[in-house]
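K.L.:
If you scroll down you'll find the structure; I have some questions about it.
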Ligand SMILES: [Zn+2]
Ligand SMILES: [Zn+2]
């Protein structure tokens, strides 16, 4: 079993180390057919991709595709902005991209002090000391509202940094054609959550989340989890096959 595409990789356009071509060349060497370049969303305070670079990135994706023969998709790993499920991407920005990943990250720009405190700071603290049920509910709602509002292809590293009721998020994602990422280096689901997601036929995608080229296609944590829980191959969309996305069929 191997993956035919890695759909979550970073470059120096946010805080990755290697170029679009370098990431793509590693994917080619590892026998993949596709890759996506998905730098951090526009409103991250520390390492956001800049809107003005999108056209240049598209050109680099096309050049990398020509040189390697791989499909090179351009996406973004956008940020959840608040409990209402707003995400830092506009319709016009989405129109320029192929793939939309959404995840929770700390240090995202927000004008509201309340949101800064409750959605970012408190989640950071709760994540260390334990997240109460009421907070998990609010966080779950944030993802569900985001899936309703945006054509999200992939939820990245769910429950990493901010805890939710992952089964509820995953079931809602399943019903809306949104994939749950099995991140190559960090998976924060409990045994119960994984088992329930398998039972509910949630669709997963394996992604490296590589920030340097050596890590493209490196998915040890995801493969170990698949083996441990015997996750059926047909539930993992990029295992020995090429997945469909909202814009790419
Ligand atoms: Zn991320
Ligand atoms: Zn990432």
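K.L.:
Under a 10 Å cutoff between Cα atoms, tell me which one of 233, 199, 17 has the largest fluctuation in the Gaussian network model of the chain.
P.N.:
199
K.L.:
Would you mind pulling out the separation of the Cα centroids of region 183-197 and region 1-53, in Å?
P.N.:
23 Å
K.L.:
Given C-alpha coordinates of region 119-249, what is the ratio Rg to Rh with the Kirkwood estimate of Rh?
P.N.:
The Rg/Rh ratio comes out at 0.96.
K.L.:
Among 207, 106, 183, which one shows the biggest mean-square fluctuation in a GNM of the chain, springs joining Cα atoms closer than 10 Å?
P.N.:
Comparing 207, 106, 183 in a Gaussian network model of the chain, the most mobile one is 106.
K.L.:
Taking the Cβ of each residue in 15, 10, 44 as the centre, tally the other Cβ atoms inside 10 Å and list the residues starting with the fewest.
P.N.:
Least crowded to most crowded, the residues run 15, 44, 10.
K.L.:
Ok, one more. State, as an integer percentage, the relative contact order of the chain based on alpha-carbon contacts under 8 Å between residues 6 or more apart.
P.N.:
In percent, rounded to a whole number, it is 22.
K.L.:
If only Cα atoms are counted, what is the Rg of region 5-235, and what is its Dmax, in Å?
P.N.:
Rg and Dmax of region 5-235, Cα atoms, are 17.0, 51 Å.
K.L.:
Using the number of other C-beta atoms within 10 angstrom as an exposure proxy, rank 221, 236 with the fewest first.
P.N.:
By the 10 Å Cβ count, ascending, the order reads 221, 236.
K.L.:
I need 134, 104 ordered by Cβ neighbour count within 10 Å, fewest first.
P.N.:
134, 104
K.L.:
Using helices alone, what [θ] at 222 nm do you get for the chain, with -39,500 (n - 2.57) per DSSP H run of 4 or more residues, divided over all residues and rounded to the nearest 500?
P.N.:
My calculation for the chain gives -10000 deg cm²/dmol from helical runs alone.
K.L.:
Looking at the chain as a GNM with Cα springs under 10 Å, which of 195, 52, 67 has the largest mean-square fluctuation?
P.N.:
Maximum fluctuation in the GNM of the chain, among the listed residues, is at 52.
Laboratory data are not the source of any read-out in this text; all were calculated from the coordinates shown. All values derive from a computational prediction rather than experimental measurement. No Cβ is skipped: glycine too gets one built from the backbone with ideal geometry, and neighbour counts run over all protein chains shown.
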